[in-house]
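Visitor: One structure coming up, written as structure tokens, with questions to follow.
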Amino acid sequence: MGKKQLELRSLDRKNYETFRKLVNVILPISYPSSYFLELVTANTGDKNEIYIPISKLAFIGDVLVGGITCKLLPNRMGHVIPEGIYLELIVVKQCCQNKGVGIKLLNYVEVECRTYLLHYIYLHVSINNRKGIEWYMKRGFEKIEFELPGYYKLGNQNVTAIIMRKYVH
Ligand SMILES: CC(C)(COP(=O)(O)OP(=O)(O)OC[C@H]1O[C@@H](n2cnc3c(N)ncnc32)[C@H](O)[C@@H]1OP(=O)(O)O)[C@@H](O)C(=O)NCCC(=O)NCCS
């Protein structure tokens, strides 16, 4: 990866658009600017927030090479369900994959999970994303029993999602 260090930085108003572009190049699902802006503004400590975002971006020098976004899930009263963190997306720029960036991003979330005294990370992943599923399994995620047909809409195609979960010690 050259001499420049891999560094994790916060998602903020200056970098969220660049991250959105990276996500939308790598994933088949398109995420709107509002999704990322919400993650940024939810960090302001507004008491009306119903979720706590957990996100980090990976940089090599000034170049954005990846990122992860998660949420602590609320129950109907707005309280966090004390079971786990929901991992919404993790992406690494194609040219920087298989160099440990994804593991570093996931490690960050695992540390956060322990900080909140939570024990699980949950996620949805497309059943067609064989490489992604394999990557998660190598990192200790397991498939939970049920599948969700039509969870993703890719063009006019309905794609099944599976739910995976990792126990964080
Ligand atoms: C899935 C994804 C996030 C993984 O990120 P990544 O940075 O490529 O993953 P890593 O480099 O951390 O790990 C991949 C391999 O590189 C190895 N590796 C190479 N150099 C390494 C280093 N310096 N440090 C640690 N691991 C290293 C890891 O051991 C790992 O090998 P293994 O999976 O055989 O055990 C990435 O491939 C991606 O963006 N995929 C497309 C989007 C996607 O499918 N996201 C998931 C659904 S939202």
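Please treat every number below as a calculation from the coordinates, not as lab data. Just so we're clear, the structure is a prediction, and the values are computed from it rather than from any experiment. Heads up, the Cβs are rebuilt from the backbone with ideal geometry, glycines too, and the neighbour counts pull from every protein chain shown.
Visitor: Which links in 104/143; 14/138; 3/131 stretch past 27 Å when you go from one Cα to the other?
Guide: Long pairs (Cα-Cα over 27 Å): 14/138; 3/131.
Visitor: Under a 10 Å cutoff between Cα atoms, tell me which one of 17, 88, 38 has the largest fluctuation in the Gaussian network model of the chain.
Guide: 38
Visitor: Now for a separate question. Loop only per DSSP, at most 11 neighbouring Cβ atoms within 10 Å: give me the trypsin sites (Lys or Arg not before Pro) in segment 58-161, ordered by residue number.
Guide: 76
Visitor: What is the P(r) of the chain, as percent of Cα-Cα pairs per 5 Å bin from 0?
Guide: Taking all Cα pairs of the chain, the binned fractions are 1, 8, 16, 20, 22, 18, 10, 3, 1, 0 percent.
Visitor: Next question, about the same structure. Just to verify a number: FRET efficiency for residue 42 and residue 107, C-beta to C-beta distance, R0 = 22 Å, to 0.05?
Guide: Details: r = 23 Å, r/R0 = 1.02.
My answer for the efficiency is 0.45.
Visitor: Something else: Please give the length that would be gained between residue 143 and residue 31 if that part of the chain were fully extended, namely 0.36 nm times their separation in residues minus their C-alpha to C-alpha distance (nm, one decimal).
Guide: Details: separation 112, 0.36 × 112 = 40.32 nm, distance 2.48 nm.
Gain in length upon complete extension: 37.8 nm.
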